[in-house]
1. How many residues does the range 20-50 hold that are of a type in the set (D, E, K, R), touching a helix residue (DSSP H, G or I) at 6+ places or on another chain (Cβ under 8 Å) and over 23 Å from Ile122 (Cβ atoms)?
2. Which condition does Ser47 not pass, out of (1) buried (at least 22 other Cβ atoms within 10 Å of the Cβ); (2) modelled with pLDDT of 90 or more; (3) closer than 18 Å to Glu143 by Cα, if it passes all the others?
3. Run Ser84 past the list (1) small (Gly, Ala, Ser); (2) farther than 20 Å from Leu116 by Cβ; (3) modelled with pLDDT under 90; (4) exposed (fewer than 12 other Cβ atoms within 10 Å of the Cβ) and report the number of the one that doesn't hold.
4. So Val70 fits all but one of (1) surrounded by 14 or more Cβ atoms within 10 Å (Cβ to Cβ); (2) at pLDDT below 75; (3) closer than 15 Å to Met36 by Cβ; what number is the exception?
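The values are calculated or read from the model by the stated rules, or taken from the named source; none is laboratory data. What you see is a predicted model; the values in this text were computed from it and never measured. Please note: Cβ atoms are built from the backbone with ideal geometry, for glycine as well, and neighbour counts cover all protein chains shown.
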Amino acid sequence: MQGGGEPTQAEFHEAITNRADRWFAACLKITRNRAMAEDAVQEALLSAWAKRSQFHHDARLDTWIHRIAVNAALQLLRKNRPASFEPLDFEIPDDADSQEDVHHAGELARDLGKALTHLSDIERICFVLKHIEQWRLKEIAEELDINVGVVKQALFRGVGKLRKQMTTLQGV
């Protein structure tokens, strides 16, 4: 990224080429619906391009767009409140070193995807934002328009359910 001014079209293209799969994966984990995740990423890209003058150059462009995509997914989820979710039945490429690492990461991702289906919407969203997207509790609370105590309770309940489910799925 160059020193000042708005991000260029080429910089946006590079960010999309390198990170679009990760934006989609994050949105899919939140919405659990492929079409909504695709819509969220598309909306995020349109929004980021329209608001490119607001980009702070002390941040990374791909991280900024990622955050916009997650927010777009949350907004779509609020608007649509789907009755059912599609299973997470695809793999996101991983930067793991060996085939064994790739295999174990894939198994873990599948198990986590299955276990996430046992969480309530609020538990799943709080878990994804906190533990996968690395948001702070206060940021989650503000985005979801709830207090930090509710976020903590949702995370506590969600992690407990995930531990139980992951143990069952792994046959431990």
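1. From the range 20-50, those of a type in the set (D, E, K, R) are 21-22, 29, 32, 34, 38-39, 43; that's our starting set.
If we keep only those that are touching a helix residue (DSSP H, G or I) at 6+ places or on another chain (Cβ under 8 Å) too, we end up with 22, 29, 32, 34, 38-39, 43.
If we keep only those that are over 23 Å from Ile122 (Cβ atoms) as well, we get 22, 38.
Within the range 20-50, residues that are of a type in the set (D, E, K, R), touching a helix residue (DSSP H, G or I) at 6+ places or on another chain (Cβ under 8 Å) and over 23 Å from Ile122 (Cβ atoms) number 2.
2. The number of the failed condition is (1).
3. (2)
4. Unmet condition: (2).
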